[in-house]
Amino acid sequence: MVILFQILAVDKEYCLGHFTMEHSKKDYLLLDKKYSWHPLFQHSLLETQELMLITEAHGTTVVDSEGNEYLDAFSGLWNVNIGYSRHEVAQAVYEQMKQLSYYPQTQVTIPPVLLAEQLISLLKSSPSSKSENDLNRVVFVNSGSEANETALKMVRQYGLQKYQGQNRYKVISLYRGYHGFTYGAISASGQTPRRRKFEPLLPGFCHVHPPYCYRCAYSLSYPECDIACANVIERTIQAEGTDTVIAVMVEPIIGGGGVIVPPDEYLPKLRDICDRYEILLILDEVITGFGRTGTLFAHQRCSLRSPTPSAYGSLRSPTPSAYGNVQPDIITLAKGISSGYLPLGACVAKEHIFEAFTGKPEDRLEFAQVSTYGGHPVCCAAGLANLKIMLEEKMCENAEQVGNYLMSQLKELIRLPIVGDIRGKGLIIAIELVEGDKVPLSTAKTKRVQQLMKEHGILVGRVSYAADGDENILYLAPPLILTKAEADKIVAALNDSLDRV
């Protein structure tokens, strides 16, 4: 048998970049089985089951090689915010490739300059604000993991240069939180099953329990708890030594750890703690950024639990909630910044952090990092086109409105004994499944629900490697263009799937 790769390599259409189905699904799957290594997947399963061969996509829908259509209620990996196959993005990428296919950020190219300006405008605490309290400086990278790795390196170098004579290098983050696959990012992550595979990890990372009200680590109830999950961070700073901690790093809503939505007071408390101890607050908005929660960025509305419609006017100047517009010192972004059309991430810092890296050339204070593909002009062109679509088509508003509708419909499922908790904001939602008295549903049964949803034509996510024990949480994070009719389809499929388990 002639090796399929050789057949494809001489195929004119293949050489031109057109991947067609003129070869059989079986051929492609055989090649995949022989050469590919899939993430978080046990390859021995391929002896008895097949992965789907996805061949095209449009809007909220992906299509496999047999023509089956699925509503992608997980947006790939939380990231296809504007939906699939928008020609405007493809055209922007094509035009940029024709004009300037690549040049590193050792010099200036236009797309990253324009994208940085756009990001800063969207992140401003107010339209006219020009203070050290603003996020003003952008480092472009290729993924959320790299954005978080950059933030961690940035705060350590900042601590060394800003607090000479002290030893500020430790970072406090949360169990169940996830910050990426690189070594610094996985060291900051609090997902024990994922971390232990690569131990020993980097020193200087401390973890505390998350604001997981449904399963409070302190056996307390909100609001009588006085937000103990935030107070423990202050006690940890004191125990570690206030002159050794440089940053607190959290997701505004923990994504992959179970869509854990904190009490409204949580982020403001963290901001206050960090201010009192001169500690930097890093917000990882890789998942929650760019409309996922119903506003452009989750930190722009700290009232994360409120189900009421947005009172905001301009997306560029969100009205703060009753708990304020919590400004991080550093924010990390990816996923929705390009909606998955090309790899792109960003680490954005306040001006006063940037100033700690400026000085005489002989002082060598500049940030000691370079990325070959960070700020790639083509990727940034995709990001600009993506944000243009998102803003012009008011996808943040749609995420809030349809997200509220979807949540209201899902809440009806609480009547089922298998449903323990439903939580989320905008179009990031978790359904936690139980077997009575909060006992987690088995991983096998949860997978069964996920499979039944697929049979209904709905693809949903499932928690994995977040914590020891059964993995009993399903995720919904569809594209921000989801309609109410599609939301109804998701709820109907979930209702039937839960009834059958």
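Values quoted throughout were computed directly from the atomic coordinates according to the rules given, and no laboratory measurement underlies them. Just so it is clear, the model here is predicted, and its values are computed rather than measured. Ideal geometry is used to build each Cβ from the backbone, glycine not excepted, and the neighbour counts take in all protein chains shown.
Taking each residue as 0.36 nm, the span from Asn167 to Lys153 lengthens on full extension beyond its C-alpha to C-alpha distance by 3.6 nm. Couplings 3J(HN,Hα) of the stretch 183-195, computed from phi: 5, x, 5, 6, 5, 6, 5, x, 8, 4, x, 6, 6 Hz, in residue order, whole Hz [Karplus 6.51 cos²θ - 1.76 cosθ + 1.60, θ = phi - 60°; x for Gly and Pro]. Where the centroid of each part is defined by its Cα atoms, how far is the stretch 201-215 from the stretch 424-501 in Å? Cα centroid of the stretch 201-215 versus Cα centroid of the stretch 424-501: 25 Å apart. Maximal additional length on extending the Lys34-Asp363 stretch stands at 113.2 nm, based on 0.36 nm per residue less the C-alpha distance.
What is the sum of charges, Lys and Arg at +1 and Asp and Glu at -1, for the other residues whose Cβ falls under 12 Å from the Cβ of His207?
Numbers: positive: Lys170, Arg176, Arg195; negative: Glu240.
So the surrounding residues net to +2.
Using only alpha carbon pairs under 8 Å that are at least six residues apart, calculate the relative contact order of the stretch 395-499 and give it in whole percent.
Taking the mean separation of contacting Cα pairs over the length of the stretch 395-499, I get 30 percent.
Across the chain, the longest piece that holds none of the GluC sites (Glu not before Pro) lying in DSSP loops with up to 12 other C-beta atoms within 10 Å covers 225-365. With loop membership from DSSP and a limit of 12 other Cβ atoms within 10 Å, the longest segment of the chain without trypsin sites (Lys or Arg not before Pro) is 131-363. For Cys206, the residues whose amide H sits under 5 Å from its own are Val171, Ile172, Ser173, ignoring neighbours fewer than 5 places away on the same chain, with H placed 1.01 Å from N. Over the residues of the chain, the helix contribution to mean residue ellipticity at 222 nm works out to -10000 deg cm²/dmol, using -39500 (n - 2.57) for each DSSP H run of at least 4. Counted by Cβ distance under 13 Å from Arg86, the other residues give a net charge of -2, where Lys and Arg count +1 and Asp and Glu count -1.
Look at the alpha carbon pairs under 8 Å that are at least 6 residues apart: their mean separation over the length of the chain gives a relative contact order of 21 percent. Summarising the amide proton neighbourhood of Gly257: residues at separation of 5 or more, or on other chains, whose placed amide H is nearer than 5 Å comprise Tyr178. When a/c is below 1.5 the answer is rounded, else prolate if a/b is larger than b/c, else oblate, so apply that to the stretch 395-499 with a ≥ b ≥ c taken from the square roots of the Cα gyration tensor eigenvalues. The shape class here is prolate.
Here is the list for the stretch 140-189: chymotrypsin sites (Phe, Trp or Tyr not before Pro) lying in DSSP coil, each with at most 16 other C-beta atoms within 10 angstrom of its C-beta, are Tyr163.
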